[in-house]
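J.: Dropping a structure here in structure tokens format, bear with me for questions.
Here, each number is a calculation from the coordinates, and none is a lab measurement. Keep in mind that this is a model prediction, so the values were computed, not measured. As a convention, Cβ positions derive from the backbone with ideal geometry for all residues, glycine included, and neighbour counts pool all protein chains shown.
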Amino acid sequence: MKDKVEQRLFQMAEQEEMILPDTLQDKVNDILVSLKKGRKHRVAWKKIVVLAAALTAMLSMTVTAAVSVWRQRMEAMNEQEMEEYFVQIYQNAIGADNYNRSYTDSEKERMEQLRKSYEETGLFPKRALTMISEPEDYRGKGVAFYGKTATFFFPAKEMSDEELLQIIDFMHKRDYSLQAMNEKLEAGEIESPTETVKKELEEEKKKETTEESVLQSKAIWDPAQELTIPYTGTLEARYMAAGQDCIFLTGWNAVHKMEIGSDSSELFFDDFDTETDVSALCQDKKGDIYMALMERVPDGAQSAAVTIAGARYRESLWILSADGTVKKKIDLSAYSEELGGRISRMAVDGQGYIYIRTMFSDKLLTVLDKEGNYVKTIASDKYQSHPAGGLGIGKDGKVYTQIESKGTDQKMGIASVNLEKGCLEDIYENIMPEGTVMIDIIAPGSNTDFVFWGYDGIFTWNLGEKSAVNVLPAYEAPCPWEGCMYCALPDGRIVFAYSTDYRVEGEGDAQRAYRVPEKTCFYYKAGMRN
């Protein structure tokens, strides 16, 4: 959506016959770079605000300003309407537009034709787009918009021209309001809404925290309990994984342990040999902890290594006891060809076999025994896995991996692994709803056989069912979907951790971003069907 808005801002300039200097994009980029040097925000609208402000600054260069029917419609909005559009952008928890379904090819084609008619001949909708207070308020008729997550709701049937025009009208008014309010902001006529919105969100968070703090004592035992817990710990977390009765958080050179339902974490392990980053972590039923590490090697060292943030690292696998004692250190450099890349997912079965997925490898899995010896590679001529595809243990104790059929007609699902035969066994290749991008977490559900985390939401599925059910669409999530950490608890809940602020160290390829602890919040969501 943000690309479309950028295009519209510049199209508006062209329609007004504005002479835009070649350096405009350079100026915008300079502003964006200066923003990145400070705090890092994962909000797609930020660039649009800068673009709108830059466009506003160019208004004085207008050569001709033909008054169009379109502009008359825009200028007919009162200041309250424009403020509502403007504030809505800052309140958007997701950071970009979302849709309950994709446009059909026919709708896309008619949308472009209607947009031209809207702008050039003044073809406007008869009614305004419907605004809803909650997603469940949408009853499947007409088109509607849910402001908190910037979600458009479309009917299942093909949209009419009137419905498409309502969407076009809404987008134009929002774009124009953004431009006009930025002009007032630049002139000092209004204050930025960010502080007001920030205070409102903080008050809402305090209220939620107070209400839910009473329930936190039940968190370990109740798979239906949902919590919002601001983090009070100190770790600048990079990765999160669920243990048998806790959550592990990892940062550079440190692993913390956090009790389920707690607002803080305590140091669990930091006795690394050199600068270390944990790329994957899991805990087996016996309590042993398996950590895939990226250990920094000295410059010039003659060993297999990869470059991260300007430094060289080698991969290894450490096994710790439940109390944090190192039981084994496994150098994986000898298996670099079998692994094929950086470890992204791990699982350990009941016999102690370690299943490893690496990023950008054409292999499904690499398997080691509990001593760290190479056992075999699991591959398939028919199926592949996404680099960040899920890997986990099912209720039946089998290891399951995310799969998708090779070729253009990709069917997505899961499959169990038969280690003895070195192949996939139980294959469920087309269980995800059409359009699902990818599934990551694969874990036992609370009242279902499986719970999945995917880019489109949280899904549950039972063996024998035709399709998984989306129990929490991404647009209804308590925090932005992109940029959050997540894991699945043994009780089937999905835990999210999201930070609204980052600090950045270094420059260029050596730059690193760190989550600000006091700006981090944990969200427990029930991965179960009603």
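J.: Just check the stretch 345-388 against the gyration tensor rule for me: Cα atoms, a ≥ b ≥ c as the square roots of the eigenvalues, rounded for a/c under 1.5, and otherwise prolate or oblate depending on whether a/b exceeds b/c.
T.: Judged from the Cα gyration tensor, the stretch 345-388 comes out prolate (a/c at least 1.5, a/b above b/c).
J.: Can you give me the C-alpha center-to-center distance between the stretch 319-348 and the stretch 361-430, rounded to a whole angstrom?
T.: 18
J.: Between residue 505 and residue 267, what is the label-point separation in nm under the 7 Å Cα-to-beta-carbon projection?
T.: 1.6
J.: Now for a separate question. Any chance you could run the full-extension gain for residue 102 through residue 84? It's 0.36 nm times the residue separation minus the Cα-Cα distance, nm to one decimal.
T.: 3.9 nm
J.: Another question, if that's okay. Taking every Cα atom in the stretch 363-403, find the radius of gyration and the maximum pairwise distance Dmax, and write them in Å.
T.: Values for the stretch 363-403 (Cα only, Rg and Dmax): 11.3, 31 Å.
J.: Follow-up. Using the Kirkwood radius over C-alpha pairs as Rh, can you work out the diffusion coefficient of the stretch 231-365 via Stokes-Einstein at 25 °C, viscosity 0.890 mPa s, in µm² per second? Each step should come with its number before you reach the end.
T.: Working: Rh = 15.5 Å.
After rounding, the answer is 158 µm²/s.
J.: In the P(r) worked out for the stretch 111-172, what percent of Cα pairs fall beyond 18 Å?
T.: Roughly 35 percent, once rounded to a whole number.
J.: Which of 157/411; 327/421; 286/327; 382/421 have a Cα-Cα distance over 18 Å? Please list the in-between numbers first.
T.: Values: 157/411 24 Å; 327/421 30 Å; 286/327 13 Å; 382/421 16 Å.
Going by Cα-Cα distance, 157/411; 327/421 fall outside the 18 Å limit.
J.: Shifting gears a bit: Using C-alpha positions alone, give me the convex hull volume of the stretch 409-530 per residue in cubic angstrom.
T.: Per-residue hull volume (Cα only) is 171 Å³.
J.: Compute the length gained on full extension between residue 381 and residue 327: take 0.36 nm times their separation in residues and subtract their Cα-Cα distance, giving the result in nm to one decimal.
T.: Gain in length upon complete extension: 15.7 nm.
J.: If one computes the Cα centroid of the stretch 272-301 and of the stretch 458-530, what distance in Å separates the two points?
T.: So the two Cα centres are separated by 23 Å.
J.: Rounded if a/c is under 1.5, else prolate if a/b beats b/c, else oblate: with a ≥ b ≥ c from the C-alpha gyration tensor eigenvalues square-rooted, which is the stretch 224-292?
T.: Oblate is the answer for the stretch 224-292, as a/c is 1.5 or above yet b/c matches or exceeds a/b.
J.: What per residue convex hull volume, in Å³, do the alpha-carbon atoms of the stretch 307-416 yield?
T.: Hull volume over Cα atoms, normalised by residue count, gives 129 Å³.
J.: Continuing with the same structure: Could you tell me which GluC sites (Glu not before Pro) in the stretch 490-530 are loop residues by DSSP with no more than 13 other beta carbons within 10 angstrom of their beta carbon? Mind dumping the intermediate values first?
T.: On the way: sites: 505, 507, 518; in loops: 507.
Within the stretch 490-530, the qualifying GluC sites (Glu not before Pro) (loop, at most 13 other Cβ atoms within 10 Å) are 507.
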